[in-house]
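Here's the structure we're looking at; comments come further down.
Read-outs: derived from the displayed coordinates by stated rules, not from any lab. Note that the structure is a prediction, hence the values are computed from the model and not measured. Every residue, glycine as well, gets a Cβ built from its backbone with ideal geometry; the counts of neighbours run over all protein chains shown.
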Amino acid sequence: MTVALSALTTFAPAAAEAQDEPANVPANVPASVPECTRELVEAKTDCEIIIADTIRTSVGRLEPSAYGQAVDIIRHTDIGFAPIDSVLATVPGVGLFRRADSLSAHPTAQGLSMRGIGANGAGRVLVTLDGVPLNDPFGGWVTWSGIDREGIGEIQVMKGGSAGAYGAQALAGSVELRSRHYHRTGGAASLSYGSFGTFEARARGNMEGEYGALRLSASHMESDGFYLVGASMRGDADVPAALDADRIGVGADIWSDAGTRVSASLNWYRESRVNGIEGAVNDTDALDLSLRLLHEWGDGFDYEVTAYYRTRSFANVFASLSDDRNSASPVLDQYDVPATGAGFLARARFGTIEFGLDGRHADGETNERFRNLGAGFTRDRQAGGQQWTLGGYGEWSHETVDTSLSATARLDRWRSYDGIRTESDIETGALVRQDDVPDRSGWQWSGRLGLKQAITGALDFRAAAYKSWRLPTINEYYRPFRVGNDITEANADLVPERLYGIEAGFDYEPIHALRLSATLYRNWLLDGVGNVTLAEGPGSFPPFGFVPAGGVLRQRSNIDRSITDGLELAGSLKLNNGWSLEAAYLYARARITAFDAMPDLVGKRPVQTPRHSASAGLEYKSWPDWSARLGVRYIGMVYDDDQNSRVLADTFTIDGSLAFQVTDRVQARLEAQNLFDAKVVSALSADGLETLAMRRMVRLGLSAEF
């Protein structure tokens with residue numbers, strides 16, 4: 001089911017110049033589908049699907065098998081002004097950590113979770129762009145502002161453990177962003193302005209020849225941001241969570257008549273944020289380089305080779321407020337957090353057999369000042385390390401008219417090494433702590449079985465079983481952090497997470513306009529990394545240090561076993577008069593079932609994990625002039641701590657959009673998130689202070705294609 005935050009009128013460029021198109025074909029229908037006349041499109045026939053399938057991707061990749069597992073598709077026409085992570089959050093089962101999207105969330109809390117498999121800042125979902133991982137090499141989160149939203153053709157969301165070509169780290173699922181291709185020389189540009197002084201400008205161009213193309217893109221976004229606490233609790237030191245971000249990208253494609261394509265891309269981006277407190281700021285700078293070779297010609301031998309290199313530079317200041325919130329003082333200054341990541345993926349497919357090999361390497365460290373007793377920082381810390389994974393897999397698939405089968409087996413070798421954690425006195429330089437961090441390594445197997453069976457012409461049955469795993473990030477191993485008076489320590493003794501899962505479901509599509517689906521699943525998460533409470537302040541707790549009054553000391557720990565039972569329901573209905581309706585619901589009963597180190601947590605629900613979530617959307621399209629959509633989203637109550645003592649109430653928000661086609665290639669758009677400014681609490685402190693997220697955001701913009 002296509003899940004949309006908002007709907008645009010079809011926003012695909014022409015495959016040829018306007019003068020070459022048949023007179024009765026809309027300007028945004030590719031010439032490769034001349035049978036899709038204006039009359040057929042207006043009648044809401046299968047032409048909509050033909051058009052979408054024709055223009056949906058650019059450089060592409062070999063399609064991984066997903067038989068038996070639930071997959072959601074978000075097309076370019078479903079992406080408006082909202083950040084990509086906010087669009088993804090409209091898919092029940094996809095969760096943002098602390099309910100905050102990237103407009104206000106701290107960069108280290110922008111990871112995704114799925115299906116109630118315990119949210120954390122690093123995320124348990126692999127996010128890729130044309131097969132290249134976007135997860136930060138140091139912390140696993142995703143810098144969503146660094147993604148060219150205009151350049152995304154579609155997003156494929158695969159729920160459940162993903163082995164095989166997705167490799168390690170796709171523990172709870174995967175999100176695959178696929179680039180959009182213009183099929184011609186031209187480009188697009190957009191401008192928008194809205195609430196909280198939010199301004200965004202984006203542009204991209206494509207110059208295409210007979211055997212190649214050059215792609216250029218750039219964007220700038222700035223926002224004054226909103227206050228993260230309510231007016232009644234606010235002091236002079238509370239400031240809006242401002243954001244300023246820039247991105248520049250360049251890419252080139254070369255292809256041949258034999259079905260071989262070489263693609264290269266270089267992307268730079270940077271962002272600066274204020275975290276809602278005076279002096280609490282962070283900066284991110286990044287550079288991504290990738291090179292891809294794809295051969296897909298249907299001649300019985302297809303292959304894909306991808307290599308990439310990434311650098312990250314991060315700096316961050318955590319601050320603590322006075323009791324009256326009128327003054328703030330820095331408590332942790334992570335002044336230099338460099339990281340690099342590199343990797344490759346090679347796949348070859350011979351008919352029904354596929355083999356692959358991939359490897360990833362990451363290294364990073366945090367350099368930080370801490371222990372501010374009122375006269376400035378007195379301690380300096382250096383902590384970090386390196387890690388790599390190398391794995392191979394084999395996959396067999398078989399497809400007939402009624403039956404699709406796939407089986408995948410994978411084996412990975414991992415290593416975490418060169419770990420350090422030293423702390424010294426800033427004034428004297430004397431060491432006050434030096435941990436002996438042993439190297440760690442091991443083997444992990446993973447795999448999946450998938451089945452899709454046609455029961456009738458309208459009803460399909462699917463089932464899958466899988467095992468996946470995730471290596472804790474360098475951030476989780478080595479970097480501590482502080483939010484207010486709550487301190488969370490790293491843990492260099494963490495072991496990999498493992499997920500076992502089974503699911504079964506039905507898809508019912510008696511006619512093209514109606515689709516219903518239902519999925520039952522169970523997941524067992526072993527050694528899941530969670531932030532576990534060790535002590536409450538005030539007090540000093542060696543070797544971690546002092547915890548102030550009202551604060552708690554937590555440490556990342558492996559929780560022996562958690563189980564999640566779930567039910568997913570989804571449906572969509574399209575009517576010939578331009579109306580369409582879609583809805584989805586997720587029930588996820590997650591609980592800790594074994595934890596020998598802290599048995600009192602058994603039976604508790606993992607943090608930031610709702611039991612119920614749902615979304616629905618009503619849309620009307622009047623081709624080709626305008627479209628409107630109203631969407632609702634519900635997220636159930638969650639806990640903000642491992643003890644299940646800090647309760648965040650459920651939320652219900654309403655979104656809306658209105659788009660008007662000014663000309664064939666110019667569109668005006670009005671969009672609102674959380675239209676009635678419903679209260680969304682993302683975090684709760686021990687003294688009851690609420691952190692707010694997802695405030696009402698109204699934006700007006702223009703977009704044009706040329």
Once both label points are put 7 Å beyond Cα along the C-beta direction, the residue 700-residue 508 separation in nm becomes 4.5
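Which value, to two decimals, describes the C-alpha radius of gyration of the stretch 548-599 once divided by 2.2 N^0.38 Å?
For the stretch 548-599, the normalised Cα radius of gyration comes out at 2.14.
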Please list, by residue number, every one of the chymotrypsin sites (Phe, Trp or Tyr not before Pro) in the stretch 195-243 that is coil in DSSP and has at most 12 other beta-carbon atoms within 10 Å. 211
Just rank 694, 233, fewest to most, by other beta-carbon atoms within 10 angstrom. 233, 694
Tell me the Rg and the Dmax, in Å, that the Cα atoms of the stretch 314-405 produce. 24.6, 74
Straight-line reach from residue 467: which lysines have a Cα under 29 Å away, not including same-chain ones fewer than 8 places off? 159, 452, 604
Starting from the stretch 206-253, pick out the GluC sites (Glu not before Pro) whose DSSP state is loop and whose Cβ has at most 15 other Cβ atoms within 10 Å. 210
May I ask you to list the chymotrypsin sites (Phe, Trp or Tyr not before Pro) in the stretch 648-696 that are in a DSSP loop and have at most 12 other Cβ atoms within 10 Å of their Cβ? 676
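How large is Rg/Rh for the stretch 472-584, to two decimals, with Cα atoms and a Kirkwood Rh?
Dividing the radius of gyration by the Kirkwood radius yields 1.27.
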Of 675, 216, how do they rank once you tally other Cβ atoms within 10 Å and put the fewest first? 216, 675
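Let me know the whole percent of all Cα-Cα pairs from the chain that are separated by more than 36 Å.
Numbers: 98675 of 248865 pairs.
For the chain, the share of Cα pairs beyond 36 Å comes to 40 percent.
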Take the Cβ-Cβ distance between residue 594 and residue 567 as r, set R0 to 25 Å, and report the resulting FRET efficiency rounded to the nearest 0.05. 0.60
Would you kindly state how much longer the chain becomes between residue 353 and residue 644 on full extension, computed as 0.36 nm times their sequence separation minus their alpha carbon distance, in nm to one decimal? 100.0 nm
Among 443, 626, which comes first, second and so on when ranked by fewest other beta-carbon atoms within 10 Å? 443, 626
